[in-house]
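A short worksheet on the structure shown next.
The values are calculated or read from the model by the stated rules, or taken from the named source; none is laboratory data. Predicted model, so just to flag it, every value in this text is computed and none were measured. FYI the Cβ positions are ideal-geometry reconstructions off the backbone, even for glycines, and counts take in every protein chain you see. Heads up: the accessible areas ignore ligands, DNA and RNA and are worked out on the full protein's heavy atoms, side chains in. Shrake-Rupley method; radii C 1.70, N 1.55, O 1.52, S 1.80 Å.
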Amino acid sequence: MKRLLMIAYHFPPLAGSSGIQRTLRFVQHLPKFGWEPIVLTADPRAYERTSEDLMTDIPESVVVRRSFALDTARHLSIGGRYIGAMARPDRWASWKIGAVRDGMRMIKEFKPQAIWSTYPIATAHLIGAELQRRSGLPWVADFRDPMAQDGYPADPLVWQSYKSIEEKALSTARYSTFTTPSAAQTYRSRYPKTAERVVVLENGYDEETFAAVENTGGQKQKIHPEAVTLLHSGIVYPDERDPTQLFEALGQLKANGKIQPSTLKIRFRASVHDDLLNALAIKYDIAEFIDCQPPIPYREALAEMLNADGLLVMQASNCNEQIPAKIYEYLRAGRPIFALTDSLGDTAATLRNAGASDMARLDSTAEICEVLPAFIDAVRQSTVSLPMTQVVEQASRVGRTAQLAKLLDSVSSR
């Protein structure tokens with residue numbers, strides 16, 4: 001069996017990020033396709049929050065090395081301030097020093113045939129690039145989403161560091177993978193000389209985990225007995241998932257008598273920004289509609305999706321080239337989906353392709369006021385559209401891993 005050195009910051013016991021699932025499920029399924037993963041990740045001290053609930057999903061046979069890493073903002077600041085260079089390209093830049101050392105030791109010990117690193121922690125690509133330079137092994141750079149974008153990162157020096165990293169990756173890596181067609185096309189246009197090495201490798205859902213939740217009876221428990229419950233599971237990013245117009249629309253619908261608190265609840269699970277949500281709820285006089293809840297273990301989060309009357313997506317137009325990883329779990333849950341997103345973006349296209357067409361623009365109070373009551377009525381009457389099974393089945397993590405293994409086979413045979 002061939003070996004793959006996988007460099008990932010997002011890995012158990014880190015808690016609170018759906019990005020963990022991509023690496024974790026590749027680790028689980030790669031052996032089915034002839035690849036043995038060995039993992040290089042960060043010491044848990046670097047994580048703001050940890051949880052043991054996914055540790056048992058790491059196969060016992062998998063070697064995991066955790067290199068020294070600090071969070072500049074938490075560990076190296078004085079009075080909340082720190083030297084900017086110590087947080088470029090990100091707050092975990094210190095991870096690179098120990099990880100390169102440990103990575104070379106792993107290469108000498110286990111003799112992998114390829115290296116794989118994954119963003120959105122940009123330092124992971126710095127580690128991958130340096131290990132590739134020292135070892136000469138083929139490297140696959142997993143970007144997931146675009147790095148240097150118009151206006152992001154806002155800090156010009158951080159933006160320049162992102163730009164430098166992506167230039168290095170696109171010129172050096174055998175393949176650069178992205179999770180959406182639009183992101184891949186952007187990078188093919190941006191780096192035309194290496195366009196043939198830019199590949200789409202979407203996120204997905206883990207069928208085995210969903211099946212285990214269903215087999216243990218984790219579903220079929222209505223969240224609010226009388227009300228229709230819409231669930232938003234995951235972080236509410238203030239810029240990319242700004243809920244202001246949604247809350248304003250709820251206020252108008254309440255004032256017009258079109259919805260009542262007794263018939264609709266919107267649950268935000270692990271939003272990270274409960275203060276923002278509660279402040280907006282007070283501002284628009286809709287506190288009785290809003291139900292903010294803390295993080296829960298992964299399997300419980302999936303059970304909650306299965307139990308929700310509807311699943312809420314929020315994705316602004318500045319993220320049209322991105323698809324939230326949670327979308328694929330939403331689709332597998334088989335519940336009605338209400339999407340607040342730009343109809344021209346990849347998120348909307350993915351949902352429409354799966355038969356989930358109930359959507360309005362996130363930044364349009366008027367559209368939300370028009371579409372939301374009809375969606376709620378359709379849920380109550382069981383006439384709402386559900387994701388199409390045949391489309392959903394194509395998005396399993398096993399299938400995505402097969403695609404990755406095919407890429408790895410091609411680079412390791414050269």
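Name, by its number, the condition in (1) in a helix (DSSP H, G or I); (2) buried (at least 17 other Cβ atoms within 10 Å of the Cβ) that does not hold for D275.
Here D275 clears every test but (2).
Which is buried (at least 20 other Cβ atoms within 10 Å of the Cβ) and small (G, A, S), of A124, A148, A154?
A124
Is it the case that the stretch 296-307 has a residue that's of a type outside the set (A, V, I, L, M), in contact with a helix residue (DSSP H, G or I) (Cβ under 7 Å, 6 or more places away or on another chain) and either modelled with pLDDT under 95 or surrounded by fewer than 21 Cβ atoms within 10 Å (Cβ to Cβ) (or both)?
yes
Out of (1) open to solvent by less than 20 Å² (accessible area, probe 1.4 Å); (2) within 26 Å of W35 (Cβ to Cβ), what's the single condition that is false for L311?
(2)
Take the residues in the stretch 29-41 that are assigned to a helix (DSSP H, G or I) and touching a residue at least 60 places away in the same chain (Cβ under 8 Å), then tell me which one is surrounded by the fewest Cβ atoms within 10 Å (Cβ to Cβ).
Looking at the filtered set, the residue picked out is K32.
Name the pairs: first residue in the stretch 139-165 and among the aromatic types (F, W, Y), second residue surrounded by 22 or more Cβ atoms within 10 Å (Cβ to Cβ) and part of a strand (DSSP E or B), Cβ to Cβ under 7 Å, at least 6 apart or on different chains?
Listed by first residue and then by second, the contacts come to W139/I115; F143/S176; F143/T177; F143/F178.
Determine whether G251 is among the small types (G, A, S), open to solvent by 10 Å² or more (accessible area, probe 1.4 Å) and modelled with pLDDT under 95. Steps first, please.
Working: among the small types (G, A, S): yes; open to solvent by 10 Å² or more (accessible area, probe 1.4 Å): yes; modelled with pLDDT under 95: no.
No.
Kindly provide the set of residues from the stretch 1-23 that are touching a Lys or Arg at 6+ places or on another chain (Cβ under 9 Å), part of a helix (DSSP H, G or I) and not charged (D, E, K, R), ordered by number.
Across the stretch 1-23, the qualifying residue is only Q21.
What tally of residues in the stretch 350-395 results from selecting those that are under 30 Å from E208 (Cβ atoms), in contact (Cβ under 8 Å) with a residue 60 or more places away in the chain and surrounded by fewer than 19 Cβ atoms within 10 Å (Cβ to Cβ)?
Residues flagged as under 30 Å from E208 (Cβ atoms), in contact (Cβ under 8 Å) with a residue 60 or more places away in the chain and surrounded by fewer than 19 Cβ atoms within 10 Å (Cβ to Cβ) within the stretch 350-395 amount to 1.
Among R91, R133, which is among the basic types (K, R) and either farther than 22 Å from W159 by Cβ or exposed (fewer than 15 other Cβ atoms within 10 Å of the Cβ) (or both)?
That would be R133, the only listed residue that is among the basic types (K, R) and either farther than 22 Å from W159 by Cβ or exposed (fewer than 15 other Cβ atoms within 10 Å of the Cβ) (or both).
What is the residue count in the stretch 162-215 for residues that are within 22 Å of S412 (Cα to Cα) and not charged (D, E, K, R)?
Residues meeting the conditions: 15.
What is the residue count in the stretch 42-61 for residues that are assigned to a loop (DSSP other than H, G, I, E, B) and of a type in the set (S, T, N, Q)?
Number of matching residues: 2.
Mind checking which residues of the stretch 89-123 are out of contact with any helix residue (DSSP H, G or I) (no Cβ under 8 Å at 6 or more places or on another chain), under 19 Å from R22 (Cβ atoms) and part of a helix (DSSP H, G or I)?
Residues satisfying the conditions do not exist here.
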